[in-house]
Every structure is written in C-alpha cells, then in structure tokens.
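What follows draws every value from the coordinates through simple rules; no lab data is involved. None of these values were measured; they are calculated from a predicted model. Positions of Cβ are generated from backbone atoms using ideal geometry, with glycine treated the same way; all protein chains shown enter the neighbour counts.
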Amino acid sequence: MHLKSNTDTKFVGIEKLKEKHKSQLDLFESWAASGNWADFHNSHYDWWMFPYDKSSAYGKSFTIYEAEVCELKNDAQFIQNYLRGVELLLLSWGWDLKRQCFVENPAEYQTWANWPIRLYKCGCSLQLFGFDDYFQSVRKYAQILISEGHNFLYDGKDRSLLFK
C-alpha cells in the first residue's frame with residue numbers, strides 16, 4: 001500500500017521539520033522555565049510545532065500526510081518532543097494536559113490567550129498522529145472555553161466544531 005506523502009516542492013522535508021520543531025521546543029522549555037508565558041502567546045510557531053494535513057500561511061511547507069506521520073511516529077525522540085510541545089502549549093494556557101484539569105495557582109499570563117486556531121491545529125495534529133488520549137484532554141479544555149463563551153471563529157471558520 002502506498003501512503004500519501006507531501007510531494008509539494010515547497011515542503012521543507014522531514015529533517016528540516018524536526019530541526020525547526022526542536023528549535024521551537026527549546027524556546028518553549030526556556031519560556032516555561034522562566035515563567036514567560038506571554039512569549040507563548042506573542043510568538044508564531046503552530047505550523048511546525050503541530051503539523052497536520054492542511055496547507056497554511058506557509059502553503060504546504062509544513063503540511064504532513066500519512067507517509068510523513070508514519071516516519072515521524074517511528075522517531076521516538078521526535079514523538080517525545082512533539083508531546084512535550086503539546087504539554088507546554090497547554091500549560092501556557094493554564095491547562096494540565098495529562099491530568100485534564102486547570103493548573104492550580106497559574107502564573108501571570110498562564111491563561112487562555114484567544115488563539116482558537118492554535119488549539120484547533122494542536123487538536124487536528126494530535127488526531128492525525130493518533131494520540132486520542134491527549135486529544136480528549138485538549139477537547140475537554142476547548143469545551144470548557146466554549147461553555148464560557150469564548151469565540152472559536154478564526155479566518156471565517158468555526159473552529160469549535162472539532163471539539164463538539
């Protein structure tokens with residue numbers, strides 16, 4: 001069986017994607033360690049931190065399909081880094097991914113920052129990689145935000161539908 005792969009000439013390739021991801025994860029770790037949660041909210045990174053099968057502002061540069069997912073899932077270090085990135089993103093919003101609850105006594109700026117597209121891409125990416133348990137935690141967080149009246153419209157699309 002032939003898996004669909006990203007053959008677009010703009011695709012950065014697996015190795016560059018992993019390098020970009022690791023570089024961003026190092027920033028995430030630094031921001032979290034120093035309590036600079038606002039840096040998560042003011043930076044742009046979702047294309048390479050939470051890759052998925054849709055094109056973006058970068059076209060198909062960071063788009064991945066079945067073949068790339070399979071290759072990335074076979075890289076234990078990438079998967080460890082990937083899941084750590086998810087964990088740190090959610091921590092920046094005051095959510096404990098593994099415990100599926102809000103962080104007790106969150107720090108300044110460790111709160112929802114109105115980035116529904118990031119939560120959406122993170123959720124789509126988790127589904128693509130088959131991490132349903134983590135997706136369910138992200139979904140639970142999104143449902144709480146939605147119930148509190150947070151708007152999930154982004155680029156003219158209702159991103160809340162993924163979490164219903």
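For region 11-18, the condition holds for at least one residue, the condition being that it is within 18 Å of the chain's Cα centre (by Cα), under 20 Å from residue 127 (Cα atoms) and of a type outside the set (Lys, Arg). Number of residues in region 80-104 that are more than 10 Å from the chain's Cα centre (by Cα), without any contact (Cβ under 8 Å) to a residue 12 or more places away in the chain and not in a loop (DSSP other than H, G, I, E, B) equals 4. Scanning region 106-122 for residues that are hydroxyl-bearing (Ser, Thr, Tyr) and under 10 Å from residue 37 (Cα atoms) turns up 109, 111. Selection within region 105-158: residues that are in contact (Cβ under 8 Å) with a residue 40 or more places away in the chain, hydrophobic (A, V, I, L, M, F, W, C) and out of contact with any Asp or Glu (no Cβ under 9 Å at 6 or more places or on another chain). The member of this set that is farthest from residue 44 (Cα to Cα) is 131.
Do we have any residue at all in region 39-51 that's loosely packed, with under 12 Cβ neighbours inside 10 Å and either in a helix (DSSP H, G or I) or under 15 Å from the mean Cα position of the chain (by Cα) (or both)? Talk me through it step by step, then tell me what you get.
Within region 39-51, the first condition is being loosely packed, with under 12 Cβ neighbours inside 10 Å, and the residues that meet it are 42, 44.
Those left that are additionally either in a helix (DSSP H, G or I) or under 15 Å from the mean Cα position of the chain (by Cα) (or both): 42, 44.
Checking region 39-51: at least one residue is loosely packed, with under 12 Cβ neighbours inside 10 Å and either in a helix (DSSP H, G or I) or under 15 Å from the mean Cα position of the chain (by Cα) (or both).
Search region 126-158 for residues being more than 14 Å from the chain's Cα centre (by Cα) and charged (D, E, K, R), and hand back the single one that is surrounded by the most Cβ atoms within 10 Å (Cβ to Cβ).
We begin by selecting, within region 126-158, every residue more than 14 Å from the chain's Cα centre (by Cα); these are 133, 140, 143-158.
Then drop every residue that is not charged (D, E, K, R), which leaves 133, 140, 148, 155, 157-158.
Numbers: 133: 11, 140: 15, 148: 8, 155: 8, 157: 12, 158: 13.
Here the answer is 140.
Taking region 70-79 only, how many residues are in a helix (DSSP H, G or I) and either surrounded by 12 or more Cβ atoms within 10 Å (Cβ to Cβ) or in contact with a Ser or Thr (Cβ under 6 Å, 6 or more places away or on another chain) (or both)? Steps first, please.
Quick first cut of region 70-79, residues in a helix (DSSP H, G or I) only: 70-73, 76-79.
Keeping just the survivors that are either surrounded by 12 or more Cβ atoms within 10 Å (Cβ to Cβ) or in contact with a Ser or Thr (Cβ under 6 Å, 6 or more places away or on another chain) (or both) gives 70-73, 78-79.
Matching residues across region 70-79 total 6.
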